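Following: one structure in structure tokens, then a few remarks.
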Amino acid sequence: MARKQAKQEEVDVVDWLRGLPKAELHLHLEGTILPETLVELSRRHDAIPLTMDAARELYKYEDFIGFLMSFKAVTERLRGPDDYELITYNMVRELAAQGVLHAEVYISFGIIYYWKKTEVEPYVEAIERGRIRGEKEFGTTVLWIIDAVRHFGVEEAARVFRKAAELRATYPSIVGIGIGGDEARGGANLFRELYAEARAAGLRLTAHAGESVGPESIWSAINIGAERVGHALSAQQDRELMDVLAEKQIPLEINVTSNVKTGCCTGVDQHPVKLYFESGLMVTINSDDPPMFGSDLLGEYVMVHDRFEFSLEQMRELAANSVEASFLPPDRKLALLQRVEQYGW
Ligand SMILES: [Zn+2]
């Protein structure tokens with residue numbers, strides 16, 4: 001193949017990784033707000049709007065509690081539906097600039113139900129406006145995964161998932177559901193029946209698992225039918241689990257910088273991403289809450305290439321995995337996979 005004989009060693013790695021067609025599979029809408037967007041939201045809502053410097057300060061924290069406080073300080077400036085339209089549109093623009101052709105993004109109905117004490121419909125409508133406008137302008141497609149907070153309990157998750165199933169009829173871009181939150185306070189097995197119900201309603205199943213607790217959480221997630229696992233950091237502690245993940249090719253939504261910044265992983269060099277890849281697990285690279293972690297998807301691709309010595313061909317494989325593991329229909333998947341394969345030097 002002639003293109004591969006072209007000068008791979010002469011490529012600018014960052015430019016090449018930016019142009020590499022890829023999908024983002026683990027990203028939280030509320031976690032995509034850039035400081036610039038926060039200033040814009042603050043102008044809408046605060047009597048004395050934040051300066052750019054003050055906005056940037058809000059993204060600095062020392063530990064996990066600090067991170068949660070930061071996240072809250074940023075997201076509490078999301079008030080009305082229009083704010084959601086703005087952050088959605090800006091998110092699509094930022095993704096497109098990193099060479100992301102498709103993204104599957106978590107929306108937390110919990111934040112809307114609990115913090116705003118209101119119905120989700122006007123917010124979903126606004127989010128969809130932002131998505132459609134962004135897709136038209138920048139070409140990056142987005143599907144939504146509605147996630148529930150584990151420690152809010154089964155009843156609340158039922159409310160979230162049933163609303164997702166109901167809204168799917170109007171908004172086919174709602175493709176799946178997931179659970180996040182505190183794994184120690186809500187084992188996935190509690191949600192078994194709800195997962196079965198969601199699957200019967202045509203929704204795809206994901207779960208955050210093995211981020212802050214041990215491998216039993218990942219076993220639980222796959223046992224209730226999760227088709228993709230978010231983080232899966234603790235799988236490395238369980239050889240048998242690693243074998244099952246490899247054999248079944250269950251896609252893992254890996255978030256290296258997130259795991260380090262939240263303290264779930266002690267350092268980049270301790271992260272198992274390369275071990276997983278070399279053990280034949282289905283690894284995808286993702287960014288989680290990028291501005292909160294001082295990263296983005298392109299930054300993650302550059303960092304793992306650098307720190308873990310993935311070759312550029314292996315980076316192409318990671319990008320292909322992200323498309324393969326997406327919930328896109330087969331024809332679109334195939335078209336995107338061809339673009340990944342044909343991407344030259
Ligand atoms: Zn996450």
Point to revise | Solvent accessible area, Å² - S217, 1.4 Å probe, full protein context | key: 10
Check your understanding: What are the radius of gyration and Dmax of segment 12-72, computed over its Cα atoms and given in Å?
Key -> 15.4, 46
Review point. What nm value, rounded to one decimal, do you get for the distance between S311 and R239 when each label is placed 7 Å out toward the C-beta?
Key: 2.9
**Study point:** Accessible area, probe 1.4 Å, largest first, for residues I48, I65, I127
**Key:** I48, I65, I127
Study note, to complete from the structure: Full extension between A158 and E135 adds, at 0.36 nm per residue less the Cα distance, a length in nm of 5.2 nm
Check your understanding: Over the chain, what lengths in whole Å, largest first, do the semi-axes of the equivalent ellipsoid take, defined as the square roots of 5 times the eigenvalues of the alpha-carbon gyration tensor?
Key -> 29, 25, 21
Exercise for review: Give the relative contact order (percent, whole number) for the chain; include only Cα pairs under 8 Å separated by 6+ residues.
Suggested key: 19
Check your understanding: In a shell of Cβ-Cβ distance under 14 Å around I65, excluding I65 itself, what net charge do Lys and Arg (+1) and Asp and Glu (-1) give?
Key -> 0
Check your understanding: What accessible surface, in Å², does a 1.4 Å probe find on R339, ignoring ligands, DNA and RNA and rounding to the nearest 10?
Key -> 130
**Study point:** Mean accessible surface per residue for the chain, computed with a 1.4 Å probe while every protein chain stays in place, in Å²
**Key:** 42
Revision key, fill the gap. If unit charges are put on Cβ atoms (+1 for Lys and Arg, -1 for Asp and Glu) and the dipole of the chain is taken about its Cα centre, the option from S173, N189, S220 lying farthest towards the positive end turns out to be S173
Point to revise | Three principal axis lengths of segment 243-345 [C-alpha, angstrom, descending] | key: 40, 32, 24
Exercise for review: Using label points projected 7 Å from each Cα along Cα→Cβ, tell me how many nm separate Q342 and A97, to one decimal.
Suggested key: 2.8
Study note, to complete from the structure: Ordering 297-303, 310-316 by per-residue average of other C-beta atoms within 10 angstrom, highest first, gives 297-303, 310-316
Point to revise | At 0.692 mPa s and 37 °C, Stokes diffusion of segment 1-140 via Kirkwood alpha-carbon radius, µm² per second | key: 195
Point to revise | Residues listed by number, segment 299-331, amide nitrogen under 15 Å from E247 label point at 7 Å toward C-beta | key: none
Exercise for review: State, to one decimal in nm, how far the label point of M52 lies from the label point of R79, with both points 7 Å from Cα in the Cβ direction.
Suggested key: 2.4
Review point. How do D53, D289 stack up against each other in accessible area, from largest to smallest, with a 1.4 angstrom probe?
Key: D53, D289
Practice item. Could you sort 171-178, 182-189 so that the peptide with the highest average Cβ count within 10 Å comes first and the rest follow in order? Key: 171-178, 182-189
Exercise for review: Take the solvent-accessible surface of the protein heavy atoms, probe 1.4 Å, and return the percent of it on the chain that carbon and sulfur atoms account for.
Suggested key: 51
Revision key, fill the gap. Full extension between L334 and E227 adds, at 0.36 nm per residue less the Cα distance, a length in nm of 36.6 nm
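The values are calculated or read from the model by the stated rules, or taken from the named source; none is laboratory data. From a predicted model like this one, the values you see are computed outputs, not experimental measurements. Backbone-built Cβ (ideal geometry, glycine too); neighbour counts: all protein chains shown. SASA here: full protein model, heavy atoms, side chains in, ligands and nucleic acids out. Shrake-Rupley method; radii C 1.70, N 1.55, O 1.52, S 1.80 Å.
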